[in-house]
Amino acid sequence: MTFAQTDTGILYLCEEEVKMVCQRLDSVALMHELFRLHGSGQTVLPDEAYLGWTNSLGEKVRSLNMPGYVGGSIKQAGTKIINGNIANSQRGLPRASGLTLLYDSINVRVICIMEGAYISSLRTASVSLLATQLCMGRPINCAAVIGAGVLGQRHIELLIQRLPSLQKVSLFDLDPQRSANLHASLKSLLEESSVTLVEERSVQMAIQEAQLIIPTTTTTTGYIPYSWLRPGAILVNVSLDDPLPEVVMKADKIIVDDWDLVKNDTRRLLGRMYHAGEIVGPDDPMPISKQVRRVDALLGEIATHQRTARESDDDIILVNPFGLSIEDITLAAHIYQTALQLEVGTYLRR
């Protein structure tokens, strides 16, 4: 059957189909366009809905529902549902799973449901690569990835593909077997490139040599001190809690993707520091009575050249990408349109 946007049914795309379609897309360029739109006020980004509870086995689990609208040339609304249980890895299951839903631009009925976890991991890595490109000073020869899970893999894949100066990736995971398994899964990609992947024996060894550091862990306890960061380093704080507060206070530049989402979340490092009165947003008034660190810019402001990411090659830059539903919606909108052209997917009657 030929699919068209006027169909009254719903197009479903499974993980395999989403992955296949994504091979035809430049996800980093799509994220660049998204942040240009976000930086110029052409998006709508409500607060996420966070549901946390304890399952029947006593495990802490959570579900996030994150709606969003992207204007400009995209004009797409939808929502991302992502659920997670850290204990899933013990069952041979991914930690996170989810769905992304897209809405018709006129009647707002659901027009597409697609597997969301791959989209989430790809857009996360793509935003990290975009931030790296926007903040880069000297060419990056060595990158460190902390955590050998799905996010770690997605980042390494994009690093190899998108950083021509890259020569080495230092990988560390608390479980050496996970690092070894990830290394093995990347064997063919590494053989096609000139990049060496090294499984480091400690997180400090991985970070100290790197010009780009990307933690993709599940920790809620900081462990990265400022002294581990070499001059000019970019720390893309993907998992949000890995740096110690001193990194926030001492970094030359702090860049976030959306300040309102960051400051309203009391569970993560920057949100905790904001509520403790230790940091303020890019345009917030500075308190007179105490030492406070200002967040320097939003990623959208960097993408639209309203503010600069780097003043010198030696600047140490902390990027804190909270993760935005509009990133998923942007990528999913292009996946949907490409799937229609390729007649990929399963047509579901309402």
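Readers should treat all values here as calculations from the given coordinates under stated rules, not as data from a laboratory. This one's a predicted model, so the numbers in the text were calculated from it and none came from an experiment. Because the Cβ atoms are built from the backbone with ideal geometry, glycine has one as well, and the counts that use them run over all protein chains shown.
What is the ratio of the Cα radius of gyration of the chain to 2.2 N^0.38 Å, where N is its residue count, to two decimals? Provide the component values of the computation, followed by the final result.
Values: Rg = 20.1 Å, N = 350, 2.2 N^0.38 = 20.4 Å.
Compactness ratio reported: 0.98.
Can you list the aspartates and glutamates whose alpha carbon is less than 16 Å from that of residue 263, not counting same-chain residues fewer than 8 positions off?
47, 48, 241, 278, 283, 284, 296
How would the stretch 256-350 be classified by its alpha-carbon gyration tensor: rounded, prolate or oblate, with rounded meaning a/c under 1.5 and the a/b versus b/c comparison settling the rest?
Numbers: a/c = 3.73, a/b = 2.10, b/c = 1.78.
Because a/c hits 1.5 or more and a/b exceeds b/c, the stretch 256-350 counts as prolate.
Taking the number of other C-beta atoms within 10 Å as the exposure measure, put 35, 322 in order starting with the fewest. The partial results should precede the final answer.
Numbers: 35 27, 322 21.
By the 10 Å Cβ count, ascending: 322, 35.
Given a cut-off of under 8 Å on Cα pairs at least six residues apart, what relative contact order in percent is computed for the stretch 43-88?
On the way: 76 pairs, mean separation 16.2, N = 46.
Averaging sequence separation for qualifying contacts and normalising by length gives 35 percent for the stretch 43-88.
Simple spin-label model, 7 Å along Cα-to-Cβ: residue 61 to residue 219 in nm?
It is 2.7 nm.
What do you get for Rg/Rh of the stretch 137-323 when both radii come from the Cα atoms and Rh is the Kirkwood radius?
Numbers: Rg = 16.7 Å, Rh = 17.1 Å.
For the stretch 137-323, the value is 0.98.
Which residue fluctuates most in the GNM of the chain (Cα springs below 10 Å): 135, 22, 14?
14
Provide the packing ranking of 178-185, 247-254, i.e. peptides ordered by the mean count of other C-beta atoms within 10 Å per residue, highest first.
Working: 178-185: 15.6, 247-254: 18.8.
Highest-to-lowest ranking by the protection proxy: 247-254, 178-185.
So which of 80/250; 60/80; 60/253 end up more than 31 Å apart by C-alpha? Before the final figure, lay out each step's value.
Working: 80/250 35 Å; 60/80 21 Å; 60/253 35 Å.
Listed pairs above 31 Å: 80/250; 60/253.
If you average the alpha carbon positions of the stretch 154-220 and of the stretch 256-322, how far apart do those two centres end up, in angstrom?
Each part's Cα centre sits 27 Å from the other's.
Looking at 134, 108, 72, which one has the Cα that reaches farthest to the positive end of the dipole of the stretch 53-144 (charges on Cβ: Lys, Arg +1; Asp, Glu -1)?
Towards the positive end, the residue furthest out is 134.
Helix 325-342: angle to the longest alpha-carbon principal axis of the chain, degrees 0 to 90, nearest 10?
With both axes taken from Cα atoms, the answer is about 40 degrees.
Springs between alpha-carbon atoms under 10 Å, Gaussian network over the chain: tell me which of 137, 92, 39 tops the mean-square fluctuations.
In the Gaussian network model the winner is 92.
Remind me, relative contact order of the stretch 137-323 in percent, using alpha carbon pairs under 8 angstrom and six or more residues apart? Let's see the in-between values first.
Numbers: 360 pairs, mean separation 40.8, N = 187.
Reported relative contact order: 22 percent.
Arrange 150, 203 by Cβ neighbour counts within 10 Å, fewest through most, would you? Before the final figure, lay out the partial values.
Details: 150 19, 203 22.
Neighbour counts put them in this order, fewest first: 150, 203.
Taking the chain as a Gaussian network, where each spring joins two C-alpha atoms under 10 Å apart, which residue of 271, 41, 281 fluctuates the most?
41
Put a dot 7 Å past each Cα toward the Cβ at residue 20 and residue 348; how far apart are the dots in nm?
If labels sit at residue 348 and residue 20, their model points lie 1.9 nm apart.
Please rank 212, 189, fewest neighbouring Cβ atoms within 10 Å first, as an exposure proxy.
On the way: 212 26, 189 15.
Starting with the residue having the fewest Cβ neighbours, the order is 189, 212.
Could you give each residue of the stretch 72-87 its phi-based ³J(HN,Hα) in whole Hz, using Karplus coefficients 6.51, -1.76, 1.60 with θ = phi - 60°, and x for Gly or Pro?
My calculation for the stretch 72-87 gives x, 7, 8, 6, 9, 10, x, 8, 10, 10, 9, 10, x, 8, 4, 6 Hz in order.
Angle check, please: helix 117-135 long axis (alpha carbons) against the longest principal axis of the chain (alpha carbons), in degrees 0 to 90, nearest 10.
40 degrees
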